[in-house]
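Below you'll find the structure, written out as structure tokens, and then a few comments.
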Amino acid sequence: MVSSPKKHRIFGLDLMRAAAILFVVGSHSLWVFPEAIGSWVTLITFSGVLGVELFFVLSGFLIGRILFRIFTNPDFKRKHLTYFLIRRWFRTLPNYYLVLLINILLVLIIGRDLPDTLAQYFFFLQNLTSGMDIFFTESWSLPVEEFAYVLGPLLLLVAVLFGNKNKRKQHFLWVTVSLLIFFFVAKVIFNSNHVVADLETWNIELRAVVLYRIDSIFYGVLFAYLSRIHPERWKQYRVHSFFIGSLLFLSLHAAITTTSITETPWLFNIAYFPICSISIALWLPLLSELTSAPRWISSPITFISIISYSMYLLHYSIILQLVNSYFPMAALPESMRPVFSVSYVVLTMALSYLLYRFYEKPMMDLRDAPAIKEKFKD
């Protein structure tokens, strides 16, 4: 079993994370069925989109609650911000760079060309303002998160250092709202300057570009603020909030199925991601209060949640690409494809567990090494 301190885990948030990674992996398993068509294919494909949006909002919510506690603490010091960033980087960077190097090695082994923009991947610049190369494809979401981890705290630091110390809660809110407005306007400008003719272009040039997506993180941060400022209402209206979020989510996706991106570009380019993020964020009051579940449910959900980051990094560019290189999916008999698909998911989970157990977790544990904690001790 994956070791994890149960008392620090919230089942509802683990459920979100587990659902997110299963949606992403499930959508990419369509590679096994290259000739599949129909509404179910569209549904599975969009589940991958939903999976990443769940990750973004949940990530924003979790770091938002930490940042709110840090910046509203009367004894706030800049080293507290530094320690926050160090902890996040120990969580995200070691896995990312290891898998990036494996991707490079795999491309060389297969005999493909490395992208001209390879150096940008080491600095999370591969999709800062435009679409990225078809290399380490799933890495597009990592720059969104990394820039959010730095941008938000730095602006909050400015507000704390130069603003009224008695209004730090208000500063937190205004920094968050300002960032939401800025990146919303970025999408408005994109819609005015680009003609997007199909969803593939939309996926590459808008959905997977940092400049247009950082706000998805900060909707989670906004709801983290609400959970801290209004804890009683957060609990009192959790069911209402979940119902409204679900209704909003279903209405949004019903709307996009009745039109096309060429007919209503504003819906896809401007409205879709903010509304999707808000609808997901509205699920948080209920899910964040769902602290436990029967063991037969919580154990597998917790397991998948814990290895989700490793699964995200490994499942597509490495595992699926490598398997397809040696066992071309187009050549598989129809009867074998479901078995192959299930085997792919099981293999992904097994390798992700190994990566987590022997590399990701030991690297994360360094965050709490005495030498590091002592340096940032109050």
Q. Looking at region 100-124, which of its residues are within 28 Å of residue 154 (Cα to Cα) and crowded, with 18+ Cβ neighbours inside 10 Å?
A. 100, 121, 124
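Any idea which of 125, 62 is under 25 Å from residue 213 (Cα atoms) and within 15 Å of the chain's Cα centre (by Cα)?
On the way: 125 fails: within 15 Å of the chain's Cα centre (by Cα).
The conditions single out 62.
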Q: Consider only pairs whose beta carbons are under 6 Å apart and that are at least six residues apart or on different chains; among these, list those whose first residue lies in region 353-378 and is in contact (Cβ under 8 Å) with a residue 12 or more places away in the chain and whose second residue is assigned to a helix (DSSP H, G or I) and among the polar types (S, T, N, Q).
A: 355/310; 356/310; 360/95; 360/310
Q. Looking at this structure, is residue 90 crowded, with 16+ Cβ neighbours inside 10 Å and in contact with a His (Cβ under 8 Å, 6 or more places away or on another chain)?
A. no
Q) Quick one: residue 319 ticks every box in (1) in a helix (DSSP H, G or I); (2) under 30 Å from residue 250 (Cα atoms); (3) not charged (D, E, K, R) bar one, so which box is it? A) (2)
Q: Pairs only if they're at least six apart or on different chains, beta carbon under 9 angstrom, first in region 252-276 and more than 19 Å from residue 184 (Cα to Cα) and touching a residue at least 60 places away in the same chain (Cβ under 8 Å), second hydrophobic (A, V, I, L, M, F, W, C) and in a helix (DSSP H, G or I); list them, first residue then second.
A: 253/46; 253/50; 253/276
**Q.** Candidates 180, 206, 222, 211, filtered to the one that is out of contact with any strand residue (DSSP E or B) (no Cβ under 6 Å at 6 or more places or on another chain), assigned to a helix (DSSP H, G or I) and under 13 Å from residue 282 (Cα atoms)
**A.** 222
Q. List the pairs whose first member sits in region 308-333 and is on the phi < 0 side of the Ramachandran plot, whose second member is exposed (fewer than 13 other Cβ atoms within 10 Å of the Cβ) and assigned to a loop (DSSP other than H, G, I, E, B), and whose Cβ atoms are under 8 Å apart, counting only residues at least 6 apart or on separate chains?
A. 329/34; 330/34
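Among the candidates 247, 286, which residue alone is part of a helix (DSSP H, G or I), farther than 30 Å from residue 194 by Cβ and out of contact with any helix residue (DSSP H, G or I) (no Cβ under 6 Å at 6 or more places or on another chain)?
Working: 286 fails: out of contact with any helix residue (DSSP H, G or I) (no Cβ under 6 Å at 6 or more places or on another chain).
From the options 247, 286, the qualifying one is 247.
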Q | Residues satisfying the stated conditions in region 127-141, i.e. touching a helix residue (DSSP H, G or I) at 6+ places or on another chain (Cβ under 6 Å) and modelled with pLDDT of 95 or more | A | 127, 128, 129, 141
Q: Answer yes if at least one residue in region 47-66 is loosely packed, with under 14 Cβ neighbours inside 10 Å and of a type outside the set (Asp, Glu), and no otherwise.
A: no
Q. Are any residues in region 134-175 closer than 14 Å to residue 216 by Cα and of a type in the set (S, T, N, Q), and if so, which ones?
A. 141
Q: Residue by residue through region 133-177, note down the ones that are in a loop (DSSP other than H, G, I, E, B) and free of Cβ contacts under 8 Å to residues at least 60 places away in the same chain.
A: 133, 134, 163, 164
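Yes/no per residue for (1) farther than 19 Å from residue 66 by Cα; (2) within 20 Å of the chain's Cα centre (by Cα):
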residue	(1), (2)
226	no, no
230	no, no
267	yes, no
270	yes, yes
277	yes, yes
280	yes, yes
285	no, yes
307	yes, yes
316	yes, yes
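Going through region 344-378 one residue at a time, which ones are of a type in the set (Lys, Arg) and closer than 18 Å to residue 95 by Cβ?
Narrowing region 344-378 to residues of a type in the set (Lys, Arg): 357, 361, 367, 373, 375, 377.
Listed by number, the residues that qualify are 357, 361, 367.
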**Q.** Subset of region 182-239 (residues that are aromatic (Phe, Trp, Tyr) and closer than 15 Å to residue 273 by Cα)
**A.** 182, 183, 184, 190, 202, 212, 218, 219
Q.
Would you confirm whether or not region 221-228 contains a residue that is surrounded by fewer than 17 Cβ atoms within 10 Å (Cβ to Cβ), out of contact with any Leu (no Cβ under 8 Å at 6 or more places or on another chain) and without any contact (Cβ under 8 Å) to a residue 24 or more places away in the chain?
A. no
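The values are calculated or read from the model by the stated rules, or taken from the named source; none is laboratory data. Note that the coordinates shown come from a computational prediction; the quantities given were computed from them, not determined experimentally. Positions of Cβ are backbone-derived with ideal geometry, glycine not excepted, and every protein chain shown enters the neighbour counts.
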